[in-house]
Amino acid sequence: EVRFCCGGCPAKYEAETAKYDAEIDKAMLEAQAKHYPLTNCLVADANVLGDNAVKKIHNNRMVAFCCGDCEKKFDADPAAYL
């Protein structure tokens, strides 16, 4: 859900949806990171999340992976890991 302050903003958002969605995801990651409960990769549970962890928003929730390969596995079947 995206909310706007005025009637002019929806058109600006629609013109650059990817840009604004990336900004929204960045803000959500910053807000959720300090509360993220897992210390291991969501896919490869044995792998501890390090400083280079891949973080993304999925259905308004932060998820984290040890690497891009695990992110790809998650993207192929999110229900298997949630």
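Placing +1 on the Cβ of every Lys and Arg and -1 on the Cβ of every Asp and Glu, with no other charges, gives the chain a dipole of roughly 180 debye about its Cα centre. Taking every alpha-carbon pair within the chain, the share separated by more than 18 Å comes to 50 percent. Ordering 48, 35, 76 by Cα displacement along the dipole of the chain toward the positive end leaves 35 in first place; charges were set at the Cβ atoms of Lys, Arg (+1) and Asp, Glu (-1).
Each of residue 77 and residue 31 was given a label point 7 Å from its Cα along the Cα-to-Cβ line. The distance between the two points is 3.2 nm. Label separation (residue 52 vs residue 69): 1.3 nm, computed from points 7 Å beyond Cα along the C-beta direction.
Write out the GluC sites (Glu not before Pro) in the chain meeting two conditions: DSSP loop, and at most 12 other Cβ atoms within 10 Å of their Cβ.
Numbers: sites: 1, 14, 16, 23, 30, 71; in loops: 1, 16.
Answer in residue order: 1, 16.
Each peptide in 75-81, 58-64 was scored by the mean count of other Cβ atoms within 10 Å over its residues; highest first, the order is 58-64, 75-81. Of the accessible area of the chain, computed with a 1.4 Å probe over protein heavy atoms only, carbon and sulfur atoms account for 51 percent.
How high is the relative contact order of the chain, given as a whole-number percent (alpha carbon pairs under 8 Å, six or more residues apart)? Display every interim value, and only then the final one.
Numbers: 72 pairs, mean separation 17.9, N = 82.
Dividing the mean separation by the residue count of the chain yields 22 percent.
Computed per residue of the chain from DSSP H runs no shorter than four, each worth -39500 (n - 2.57), the mean residue ellipticity at 222 nm is -12000 deg cm²/dmol.
Accessible surface area normalised per residue over the chain is 72 Å², counting heavy atoms of protein chains with a 1.4 Å rolling probe.
Sparse packing (at most 16 other Cβ atoms within 10 Å of the Cβ) combined with a DSSP loop state is found for the following trypsin sites (Lys or Arg not before Pro) in the stretch 1-55: 3, 34.
The values are calculated or read from the model by the stated rules, or taken from the named source; none is laboratory data. Since we're looking at a predicted model, the values are computed, not measured. Virtual Cβ from ideal backbone geometry, glycine too; neighbours counted across all protein chains shown. Ligands, DNA and RNA are excluded from the accessible area calculation, which covers all protein heavy atoms including side chains. Shrake-Rupley method; radii C 1.70, N 1.55, O 1.52, S 1.80 Å.
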